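The values are calculated or read from the model by the stated rules, or taken from the named source; none is laboratory data. This structure is a prediction, so every number in the text was calculated from the model and none was measured. Cβ coordinates were reconstructed from backbone atoms using ideal geometry, including for glycine residues, and neighbour counts include every protein chain displayed. Heads up: the accessible areas ignore ligands, DNA and RNA and are worked out on the full protein's heavy atoms, side chains in. Shrake-Rupley method; radii C 1.70, N 1.55, O 1.52, S 1.80 Å.
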Amino acid sequence: MANVTRALVRSRNSIKTLLQANVAVASVAPVRHLNLQEYQSKKLMQQYDVTVQKFRVADEAQQAVQQGKELDVHEIVLKAQILAGGRGKGTFSSGLKGGVHLTKNPDDLGPLVEQMIGSKLVTKQTTKDGVLVKKVMVAEALDIERETYLAILMDRGMMGPVIIGSPAGGVDIEEVAEKTPELIFKEPVDINIGVTDEQAVRMAENLEFKGGLIRVAADQIKNLYKLFLGVDATQVEVNPFGETPDGRVVCFDAKINFDDNAEFRQKEVFAMDDQTEADPKEVQAALHNLNYISMDGNIGCLVNGAGLAMATMDIIKLHGGEPANFLDVGGGVGEKQVFEAFKLISSDDKVKAILVNVFGGIVDCSTIANGITAACRGMDLQVPLVVRLAGFNVDKARNILKESGLPITTAEDLEDAAIKAVACLN
């Protein structure tokens, strides 16, 4: 089930338990998963006057030492820049323990960076081979006196943005929502008006800021909303939204998701997409508007619709098989996309059979059938192929497959398809 969960998370982002607690949210819109490094997110926040710790970015040791001196701070935190979590407890191929280090002496940064840059960092979220580190972030280390949680997200149910906050931040917010839902607060925002001063102050008070920090926190909330709109985000999540001992309100970490429909006007943001750590197949799939996630099995799947794709993987497992991928071709799929989908699936050496499961609601089954036959001929497909089609133009589609003369096994329904796909492996 881990692979199934991963596919769901990657294809549709949500803060499920949080939203189910006492926040009336029907669903969260699909998002473009831009891969922004931590320093890139902080740069975006700076552009909108959101307070973050002072930081620099380096790609070699002496540069990091110089930057540490330029920061002129009491303590420095050095962070390896990779997309995976768990950096602090990771291990480098150079032998260095930990991808996050604290020091009060900038000269200490040199030897540390020499062991980071050009080495692979292995964490609980990377592969066993780890991820090559190319950059480090040299930043001001700040103590956190109090941690709160703040998020702004686009909610279909509310037909607009919602601000969600909790005074219990710095931890798994879904656990807070499940166990203490009274600590979750929400503020629906009229997108035509924006966040009012009254709303921002009320949220700051709910986050338990006191005295003059109420005004400071409220201003930061309003600036985060400006960021949310300015970059066409679907979600900006800050955890922790923290208070320092010297009375500052700081956004210590932020996760930003973007609306891919706004790519045409957010070219600078989308140009920052760091795909160096992404699966090359997933990158290639995105170029053809395909939603693809690699898995560990040997039955390749081509399906239209995320829900149907999940059901297809489930029934394959039910009958003793293992899906090799999650691949949703969507409702507007054309013959060329079908061809590209077959190329992706067949490029995986683990795939020993392919199952196509398409329900023709929006999509024309005959389009899928033409795409399948073109792919089989154009690629000289060498693995067994099972096809289940249903819905619009299905009779025409079946005739196309039948008259093709290709070794394609057809199925009457989804269960029949899964049984036949698994049987191909025996």
Check every one of the helices (runs of 4 or more DSSP H) wholly within segment 17-121 and list those with 2 or more residues that are closer than 28 Å to Gln220 by Cβ and at pLDDT below 95.
38-47
Among the residues of segment 311-334, write down those that are surrounded by fewer than 18 Cβ atoms within 10 Å (Cβ to Cβ) and among the aliphatic types (A, V, I, L, M).
Ala311, Leu318
Specify which of the listed residues (Gly157, Gly212, Gly170) is without any contact (Cβ under 8 Å) to a residue 40 or more places away in the chain, surrounded by fewer than 18 Cβ atoms within 10 Å (Cβ to Cβ) and small (Gly, Ala, Ser).
Gly212
Kindly provide the set of residues from segment 315-334 that are among the hydrophobic types (A, V, I, L, M, F, W, C) and in a strand (DSSP E or B), ordered by number.
Phe326, Leu327
Within segment 279-309, the residues that are in a helix (DSSP H, G or I), at pLDDT 90 or above and either over 25 Å from Gly360 (Cα atoms) or open to solvent by 20 Å² or more (accessible area, probe 1.4 Å) (or both) are Leu308
Taking segment 234-264 and keeping residues in contact with a Pro (Cβ under 9 Å, 6 or more places away or on another chain), over 24 Å from Ile144 (Cβ atoms) and either open to solvent by less than 40 Å² (accessible area, probe 1.4 Å) or among the aliphatic types (A, V, I, L, M) (or both) leaves Thr234
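Residue-wise test of (1) in a helix (DSSP H, G or I); (2) of a type outside the set (S, T, N, Q).
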| residue | (1), (2) |
| --- | --- |
| Glu205 | yes, yes |
| Arg215 | yes, yes |
| Lys222 | yes, yes |
| Gln235 | no, no |
| Val250 | no, yes |
Could you look through segment 174-188, keep only residues that are out of contact with any Leu (no Cβ under 9 Å at 6 or more places or on another chain) and either part of a loop (DSSP other than H, G, I, E, B) or without any contact (Cβ under 8 Å) to a residue 24 or more places away in the chain (or both), and pick out the one that is nearest to Gln235 (Cα to Cα)?
Leu183
So which residues in segment 126-145 are surrounded by fewer than 18 Cβ atoms within 10 Å (Cβ to Cβ) and of a type in the set (Lys, Arg)?
Lys128, Lys134
Got at least one residue in segment 63-70 being touching a strand residue (DSSP E or B) at 6+ places or on another chain (Cβ under 6 Å), open to solvent by 30 Å² or more (accessible area, probe 1.4 Å) and more than 26 Å from Phe228 (Cβ to Cβ)?
no
Any idea which of Ile345, Ile293 is of a type in the set (Val, Ile, Thr) and more than 30 Å from Phe228 (Cβ to Cβ)?
Ile345
Restricting the first residue to segment 107-124 and requiring it to be over 26 Å from Val73 (Cβ atoms), which pairs with a second residue that is aliphatic (A, V, I, L, M) and in a strand (DSSP E or B) meet a Cβ separation below 7 Å and a spacing of at least six or different chains?
Lys120/Val131; Lys120/Leu132
Condition test on Phe270, is it open to solvent by 10 Å² or more (accessible area, probe 1.4 Å), of a type in the set (Phe, Trp, Tyr) and either within 16 Å of the chain's Cα centre (by Cα) or closer than 30 Å to Ile368 by Cβ (or both)?
yes
Out of curiosity, is Ile191 within 30 Å of Val57 (Cα to Cα) and in a loop (DSSP other than H, G, I, E, B)?
no
Determine, yes or no, whether Gly118 is of a type outside the set (Lys, Arg) and open to solvent by 40 Å² or more (accessible area, probe 1.4 Å).
yes
Counting residues that are open to solvent by less than 20 Å² (accessible area, probe 1.4 Å) and closer than 17 Å to Gly321 by Cβ, which helices (runs of 4 or more DSSP H) fully inside segment 335-426 reach at least 1?
335-346, 414-423
